[in-house]
Every structure is written in structure tokens, then in C-alpha cells.
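Structure record follows, encoded as C-alpha cells.
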Amino acid sequence: MRMTDVIAKKRDGHELTREEIYGLVKGYTDGSIPDYQMSAWAMAVYFQGMTPRETADLTMAMVESGDQLDLSEIPGIKVDKHSTGGVGDKITLVVAPLVASAGIPVAKMSGRGLGFSGGTIDKLESFAGFQVELSQADFFKQVRDIGVAVIGQTGNLAPADKKLYALRDVTATVEAVPLIASSIMSKKIAAGADAILLDVKVGKGAFMKTLDEAETLARAMVAIGEQVGRRTVAVISDMNQPLGYAVGNALEVREAIETLAGKGPEDLTELALTIGAHMLVLGQAQADFTAAYELLREHLTNGKALAKLAELVGAQGGSTEAVENPSLLPQASHQIEVKCSQEGYISGIDAERIGHASVVLGAGRLTKGAPIDYAVGIVLSKKVGSKVVSGNTLAVIHANDLELAETARQEVEAAFSIAAESVQTQPLIRKII
Ligand code: URA
């Protein structure tokens, strides 16, 4: 196989064979295909796209480029969940114990936050002592014993994706849908998923800004799942404002605890129940979505879901007292209110700006491995559609540094748009594919 022929074939809009795709992934991973040829190929894909068959082959070639977790010793259908990333997205903190409490085994690897969107692993570390690194044997044992474990990414999963993603990041080819879809799906499949639930975010605070873009990505991922024998469902959900009210690690954990106790914000509860119910159906624990949704709703009020979170936190060495009494979670020394200066209706809360403000406060990191402050962040007081008058509190900044708090305050204030007339709000769940 000559790489120049493969690049030209894709450039001219032809379908590559399975051998050509496996050849280029293998060659790029072992270094025999240089960055400049892989970049030219990625740009050709950006313009010409890939067929579902090519995309599935690319996914499996990347899966086979490294370790694959074999979860077969854990009984049951292992359903993994992936979010394309948002602000205030604490869904995994809610859904992992929630579906585990209904009999679905959750063996989950999660990531850290980078840039304006947070990561589950950082949030879990808000519990003092919580261990995110477990040996494979301990990881499996915990899932067998209590039905749930959430750890940081380990092993050499999909190294071809890691290398290609880094290249795409600096060659303006991140946005190619088949490349995004195969990148996400390859990591889920390598991590041992039998079935996959995708939470595809759409809106200002998301990677995909329009419903059309989000739907195209969701369909591409569901098609990969179909081609490679992993049942896949995508929930497209709105990210035109942060999910729930809290943004920042311990603040989000606190909101997740409230949600697991049946007292969470409406949007977070609805999305968690929808995602959880689809996971129960994918995992064949329930035949019917509505029955699954109702069962999970019961678990939010009868204490089963919250008890499962306490078991998870305890099993991984974290402070379970903080589950019962969230005021034991890290707390910031200053709370500063952001006030409204006009009358009207909230027409938008720019999630990306709120995310940036939380990073300014120290809740996120701009470079890999930088330390974070678990206590800081932002708690919204109003959501899109709320009526406001001058002097109302729009949000509260939780800060440990007053100078940073002032920068964040300006950013949060600018994130709110206020209109004279009441606005039509978008439904939270935009589409299921
Ligand atoms: N997230 C991924 O994992 N891969 C992409 O290509 C884009 C977002």
C-alpha cells in the first residue's frame, strides 16, 4: 500500500478498502506513516467524508491498535455512557449509581476536565480520599461486589486515536464527523462496552452548535454501533445553558447528591432519568422505556440511588459522611452575588462563558495535569425563561481569591442575556436516535 495512493483516492472521493484503512492506522501508530501524510489524509476526509463501512473499519482499526478491556468476567450486559462534553454536566455522578441501583453493572472509565468543560474524575476527587486509580482486578471485583466502579482511564486504550486526535487538533481537522465519531466510539469499545449510550450535547456550550450538526454526529456514531454489533442509542440534549445550577467540582457533587435524593433541579433529573432508562433498556434490565423511567424515578425517592452512591464512594476510599452531609465537601471562603441591572426575562446563559469563569476561579485547568480547586465555581440562581428585576441575584460565585472572583463576576454577568419579552425555551431533550 502506498500512502500517496490512499490520500489521492480519498481526495478524489472514493471509498477506501478495509485493508487500506487498517494499513494506514497501523502505519501511523508504528511511525512508518509520517504526520504530514496522515494530515493530508485527515483533510481529505474532512472534505470527502467516509462511508459508514469505512467509518466502522476506522473505529475497529483504532480499537485494535492497543489494549482492549475484557469485561466478560463481570456478569450482565455492560452499558457504557459517553457525553460529548458540557458545562455543569454531572450526569455520570447521578446516572452511574442510579442505574447500578437498578441492576445494570457499571464499569466506567472517565476523564478529567480540560478547557471549559469539567470531568467526572475531578468531581469525584472532591470526596476526600477518593481513589480513581484501581488495579484491573480491584476494578472488576468492585463491580462484581457492589455493581459500580468509576476510575480514571488506564491502559493503552486506542493509542491510534490518541495520536490522530493530537494531530487533528493542530491541523484544523477535529471537526470531521467520521473522525469524531470513530474517535469516541473506539474508546468506548476498547473499554469493553457491549452497548453504548451517547449524550450528544447541542448549543452554545457544546462542541456541536446546531441540531443538524449534533444529529449528523449522533447518526454517524449509532451507525458505527450497528456495523460493529454494539447496540447504541444517542440522546441529543440542549447545552444552550449549563445543566442544573452548579458549575465547579464539589458544587456539582452536591447537586448530584441532591438529585440522587430526589430533590435535584428539573433539567438534571429529567436528563438523568432519560439516559438511565435507555441504559436499562440497552442492558435488558427492563423491556420498556417508560417502565424503566418510572423504576428509576422511584429509586431517587426511596433512597436506593443515594445509598448506591455512598457504597461507590466508600468502596473507593472516599468520605461517605460527605454523601450524608454535603456541607463536609470542600467549601470556598467567599461567596459573591452577581446582580441583575435591568428588568426582563433571561433569554440566554452562555454555558461556555460560565465554564470559562469557573476555570478562571480555579475549578478547571488550562494545561494537562495542572492542580485544581475543588471548592470554587458558580451556582446559578436563575435559568433561561426566568423573569428578573434590577437587583435580583443571577448567580453566586464561590471563590478562594477575590481578584479572580472579580474577573469571574464580569464573565458571569456577560454570560446572561436579558430580553424585554418572555422567551420560548428549547426543550432539554431535543431528539433520541
Ligand atoms: N472527543 C473525542 O473523543 N474525539 C473527538 O474527535 C472529538 C471529541
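The values are calculated or read from the model by the stated rules, or taken from the named source; none is laboratory data. Everything numeric in this text was worked out from a predicted model, so none of it was measured. Here the Cβ is made from the backbone with ideal geometry for all residues, glycine too, and neighbour counts use every protein chain on show.
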Over region 58-113, the set of residues small (G, A, S), within 16 Å of the ligand (Cβ to nearest atom), in contact with a helix residue (DSSP H, G or I) (Cβ under 9 Å, 6 or more places away or on another chain) and within 26 Å of Q227 (Cα to Cα) is A61, S65, G66, S83, S110
Quiz item: out of contact with any strand residue (DSSP E or B) (no Cβ under 9 Å at 6 or more places or on another chain), of a type outside the set (D, E, K, R), closer than 30 Å to F140 by Cβ and surrounded by fewer than 20 Cβ atoms within 10 Å (Cβ to Cβ): does that describe V174?
Solution: no
If we ask which residues in region 358-377 are within 19 Å of the chain's Cα centre (by Cα) and within 20 Å of A332 (Cβ to Cβ), their number turns out to be 9
Test result for T274, surrounded by 18 or more Cβ atoms within 10 Å (Cβ to Cβ) and either hydroxyl-bearing (S, T, Y) or not in a helix (DSSP H, G or I) (or both)
yes
In region 125-162, residues that are among the β-branched types (V, I, T) and within 16 Å of the ligand (Cβ to nearest atom) total 0
The condition from (1) over 17 Å from L58 (Cα atoms); (2) within 16 Å of the ligand (Cβ to nearest atom); (3) buried (at least 24 other Cβ atoms within 10 Å of the Cβ) that Q241 misses is numbered (2)
When every residue in region 351-373 that is of a type in the set (A, V, I, L, M, F, W, C) and closer than 15 Å to E411 by Cβ is compared, the one modelled with the lowest pLDDT is L366
Residues of region 218-264 being part of a loop (DSSP other than H, G, I, E, B), closer than 20 Å to A305 by Cβ and touching a helix residue (DSSP H, G or I) at 6+ places or on another chain (Cβ under 7 Å), in sequence order, are L243, G244, Y245, A261, G262, G264
Note: among A206, A193, just one is in a loop (DSSP other than H, G, I, E, B), buried (at least 23 other Cβ atoms within 10 Å of the Cβ) and under 14 Å from the mean Cα position of the chain (by Cα), namely A206
Scanning region 177-198 for residues that are among the small types (G, A, S) and more than 9 Å from the ligand (Cβ to nearest atom) gives A190, A191, G192, A193, A195
G262: passes all of (1) at positive phi; (2) under 15 Å from the mean Cα position of the chain (by Cα) but (2)
Discussion item. I'd like to check something: does region 311-318 contain any residue that is without any contact (Cβ under 8 Å) to a residue 60 or more places away in the chain and more than 23 Å from M109 (Cβ to Cβ)?
Written reply: no
Of the residues in region 84-115, those that are of a type in the set (G, A, S), closer than 27 Å to R219 by Cβ and assigned to a loop (DSSP other than H, G, I, E, B) come to G85, G86, G88, G111, G115
